[in-house]
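K.L.:
I'd like to ask you about the structure that follows.
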Amino acid sequence: MQSKIKITRTLALFAAISLPFLVLANADFKQGEVIVQGKVSEKDGFTVLRYYPNANITVVQVSPGKELKKVKNLRQKGKSAHVNVSVSKSSVPNDPLISVQWQWANINAEQAWQLNTGANTTVAVLDTGIASAPSDGVNCLTLPHNVYNTSAFPEDGDGHGTHVSGTIAQTANNNVGAVGLAFDACVMPVKVLDDSGSGGMAEIAEGIYYAVNNGAHVINMSLGTNARYNITSDPVLDVALDYAYSEGVVVVAASGNDGNRKNLSYPASYPSVISVGATDYNNSVTSYSNKSNLLDIVAPGGDMNADRNGDGLGDGILQETRVDGTWGYYLFQGTSMASPHVAALSAMLISHRTATTPDEVKQALTESATDLYSSGHDKTSGYGLINSIDALNWQQGVTTPPPPGDGCTDNDGDGVCYENGDCDDNNSSIFPGANDRRGKKGRDNIDNDCNGIIDG
């Protein structure tokens with residue numbers, strides 16, 4: 001008999017805030033157009049739409065949907081070519097609580113919003129459901145489903161699923177509350193966890209099949225087993241995950257909040273799933289976030305025990321939700337909060353036609369990520385912190401070199417330079433992943449992990 005494994009939401013801590021209460025169009029690049037530096041003609045094999053003599057650039061026609069491929073092809077031939085990015089007079093959503101959402105600056109969201117905001121994509125949120133009658137809410141709600149009662153709305157009696165959905169697609173530009181990353185995407189809420197935040201493999205498998213069969217492009221699962229079980233496979237859920245992958249649906253899952261240094265939660269540990277750990281305001285991986293060689297990437301998950309930006313609030317992830325019957329804008333922390341950032345960015349990649357398959361999306365995310373610790377992959381941060389604008393500009397087979405002269409030098413060789421969170425770059429024993437309990441009787445009078453607390 002198979003033992004029963006408890007699946008729970010990956011939420012670590014939350015708090016509510018009460019605050020009093022900038023516009024962005026969906027600025028994509030122009031379809032069917034590519035810019036070529038210099039003057040070219042039909043004799044060169046181009047269909048010329050416009051030539052601008054002052055800028056000495058030519059706008060040429062390409063098949064819609066083939067813009068990025070054409071740019072890549074022209075660059076390989078030595079030409080300077082670019083997509084024709086659309087611009088608008090607006091650049092930042094006008095939602096007033098965006099100032100509390102520190103994570104957007106950390107992942108370059110504002111630059112990314114000038115390229116894409118997730119239109120024409122659907123993200124299925126397999127969670128505790130979604131609460132009805134919000135004052136702000138997600139921009140687009142589609143095909144809600146409750147696996148426990150298929151005739152009932154997937155009402156969220158916990159608040160977790162609603163918060164996660166907000167990070168993905170909270171309504172923007174309505175002068176109310178907060179904003180989601182892919183705010184023009186649709187959310188498909190699928191209730192697979194009960195109102196205590198627990199569920200089983202059967203419910204999650206059913207939710208995956210429902211999402212795939214009803215047109216989801218991305219599935220987010222801010223849930224998982226305890227990492228101590230070291231589960232990487234399940235006979236029921238594996239089949240559903242394989243089905244999603246075979247149908248071209250991107251699956252994203254939270255790595256878990258157990259503070260484990262070797263294992264991830266399942267299903268994040270499954271090969272076809274993009275596993276997501278959590279970072280704080282300083283872009284350091286949080287102590288609760290599970291670490292493993294199976295970790296793919298990290299995203300903002302928050303740290304309610306710190307106020308590093310000095311705004312008087314814990315550095316959690318802010319979204320609207322309903323907790324114990326009360327609507328509000330709540331600060332949560334956890335890998336549950338990190339995972340929907342990656343799901344939302346995946347939707348933006350698909351919407352922008354940067355990547356379309358699960359493998360392409362994963363490659364775009366990991367190759368464009370910002371390294372946090374050792375160069376390349378490491379078990380603490382995976383391939384690094386998601387970078388929204390670089391991900392949207394990613395091209396398969398094209399590697400963008402890092403900017404020169406950033407002034408960040410790893411003096412002590414621990415894989416982290418001072419500006420990226422190492423509070424003493426001349427001592428390799430002092431780094432954000434270190435344990436404060438060092439030295440004789442666990443006291444060494446040094447802040448090993450750079451959390452502002454000195455042992456003594």
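The values are calculated or read from the model by the stated rules, or taken from the named source; none is laboratory data. Values in this document were obtained by computation on a predicted structure and should not be read as measured data. So basically every Cβ, Gly included, is an ideal-geometry build from the backbone, and we count neighbours across all protein chains shown.
K.L.:
Test each condition in (1) of a type in the set (S, T, N, Q); (2) at pLDDT below 95; (3) out of contact with any Phe, Trp or Tyr (no Cβ under 8 Å at 6 or more places or on another chain) for Thr409 and report the one that comes out false.
P.N.:
Tallying (1) of a type in the set (S, T, N, Q); (2) at pLDDT below 95; (3) out of contact with any Phe, Trp or Tyr (no Cβ under 8 Å at 6 or more places or on another chain), Thr409 fails exactly one: (3).
K.L.:
Please verify whether region 113-129 includes one or more residues that are under 19 Å from the mean Cα position of the chain (by Cα), farther than 18 Å from Glu33 by Cβ and surrounded by fewer than 17 Cβ atoms within 10 Å (Cβ to Cβ). Write out each step before concluding.
P.N.:
As a first pass, look at region 113-129 and keep what is under 19 Å from the mean Cα position of the chain (by Cα): 113-127.
From what's left, farther than 18 Å from Glu33 by Cβ: 113, 117-127.
When the remaining residues are screened for being surrounded by fewer than 17 Cβ atoms within 10 Å (Cβ to Cβ), the result is 120.
Yes - at least one qualifying residue is present in region 113-129.
K.L.:
What are the pairs with Cβ atoms under 6 angstrom where one residue, in region 98-118, is in the same structural domain as Gly177 (by TED's automatic domain parsing) and the other, located anywhere, is among the acidic types (Asp, Glu)? Sequence gap at least six, or different chains.
P.N.:
From residues that are in the same structural domain as Gly177 (by TED's automatic domain parsing), the pairs are Asn116/Asp28; Thr117/Asp184; Gly118/Asp184.
K.L.:
Then there's this: Give me a count of the residues in region 250-290 that are surrounded by fewer than 24 Cβ atoms within 10 Å (Cβ to Cβ), out of contact with any strand residue (DSSP E or B) (no Cβ under 6 Å at 6 or more places or on another chain) and not polar (S, T, N, Q).
P.N.:
Count: 7.
K.L.:
Suppose we keep only residues that are surrounded by 15 or more Cβ atoms within 10 Å (Cβ to Cβ) and over 22 Å from Gly65 (Cα atoms) within region 77-95. Which one would you say is modelled with the lowest pLDDT?
P.N.:
Once the filter is applied, the top-ranked residue is Ser90.
K.L.:
Here's a follow-up. Within region 130-146, which residues are hydrophobic (A, V, I, L, M, F, W, C) and surrounded by fewer than 22 Cβ atoms within 10 Å (Cβ to Cβ)? Give the steps one after another, and end with the answer.
P.N.:
Of all residues in region 130-146, those hydrophobic (A, V, I, L, M, F, W, C) come to 130-131, 133, 138, 140-141, 143.
Of everything in region 130-146, those that are hydrophobic (A, V, I, L, M, F, W, C) and surrounded by fewer than 22 Cβ atoms within 10 Å (Cβ to Cβ) turn out to be Ala133, Cys140, Leu141, Leu143.
K.L.:
Moving on. Given the options Thr335, Thr326, Thr366, Thr356, name the one that is out of contact with any helix residue (DSSP H, G or I) (no Cβ under 8 Å at 6 or more places or on another chain), farther than 30 Å from Asp311 by Cβ and among the β-branched types (Val, Ile, Thr).
P.N.:
Details: Thr335 fails: farther than 30 Å from Asp311 by Cβ; Thr326 fails: farther than 30 Å from Asp311 by Cβ; Thr356 fails: out of contact with any helix residue (DSSP H, G or I) (no Cβ under 8 Å at 6 or more places or on another chain).
Going through Thr335, Thr326, Thr366, Thr356 in turn, just one is out of contact with any helix residue (DSSP H, G or I) (no Cβ under 8 Å at 6 or more places or on another chain), farther than 30 Å from Asp311 by Cβ and among the β-branched types (Val, Ile, Thr): Thr366.
K.L.:
Let me ask something additional. Taking region 127-146, which residues are in contact with a His (Cβ under 7 Å, 6 or more places away or on another chain) and in a loop (DSSP other than H, G, I, E, B)? Talk me through it step by step, then tell me what you get.
P.N.:
Initially, region 127-146 is screened for residues in contact with a His (Cβ under 7 Å, 6 or more places away or on another chain), giving 127-128.
Once the filter is applied, which keeps residues that are in contact with a His (Cβ under 7 Å, 6 or more places away or on another chain) and in a loop (DSSP other than H, G, I, E, B), region 127-146 yields only Thr128.
K.L.:
Do we have any residue at all in region 199-207 that's more than 16 Å from Arg9 (Cα to Cα) and out of contact with any Phe, Trp or Tyr (no Cβ under 8 Å at 6 or more places or on another chain)? Write out each step before concluding.
P.N.:
Going through region 199-207, the residues more than 16 Å from Arg9 (Cα to Cα) turn out to be 206.
From what is left, the residues that are out of contact with any Phe, Trp or Tyr (no Cβ under 8 Å at 6 or more places or on another chain) are 206.
Among the residues of region 199-207, at least one is more than 16 Å from Arg9 (Cα to Cα) and out of contact with any Phe, Trp or Tyr (no Cβ under 8 Å at 6 or more places or on another chain), which makes the answer yes.
K.L.:
Say we look at region 372-406 and pick out the residues that are among the acidic types (Asp, Glu) and at pLDDT 95 or above; which of these is nearest to Gln114 (Cα to Cα)? I'd like the intermediate steps shown before the answer.
P.N.:
Residues of region 372-406 among the acidic types (Asp, Glu): 378, 390, 406.
Of the ones still in play, those that are also at pLDDT 95 or above are 378, 390.
On the way: Asp378: 31, Asp390: 12 Å.
Out of the qualifying residues, it is Asp390.
K.L.:
What number of residues within region 288-299 satisfy the criterion of being of a type in the set (Gly, Ala, Ser) and touching a Gly at 6+ places or on another chain (Cβ under 6 Å)? It would help to see each step written out before you state the result.
P.N.:
The initial filter retains those residues of region 288-299 that are of a type in the set (Gly, Ala, Ser), namely 289, 292, 299.
Those still in the list that are touching a Gly at 6+ places or on another chain (Cβ under 6 Å) too: 289.
Selection size over region 288-299: 1.
K.L.:
Let me ask something else about it. When you go through (1) under 14 Å from the mean Cα position of the chain (by Cα); (2) surrounded by fewer than 24 Cβ atoms within 10 Å (Cβ to Cβ) one by one for Phe153, which number turns out not to apply?
P.N.:
Here Phe153 meets the rest and fails (1).
K.L.:
Out of all the residues in region 147-168, is one or more in a loop (DSSP other than H, G, I, E, B) and closer than 18 Å to Met348 by Cβ?
P.N.:
Within region 147-168, the subset in a loop (DSSP other than H, G, I, E, B) is 147-159.
Those still in the list that are closer than 18 Å to Met348 by Cβ too: none.
Among the residues of region 147-168, not one is in a loop (DSSP other than H, G, I, E, B) and closer than 18 Å to Met348 by Cβ, which makes the answer no.
K.L.:
When region 159-177 is examined, which residues are found to be crowded, with 24+ Cβ neighbours inside 10 Å and on the phi < 0 side of the Ramachandran plot?
P.N.:
His160, Gly161, Thr162, His163, Val164, Ser165, Gly166, Thr167, Ile168, Ala169, Gln170, Ala172
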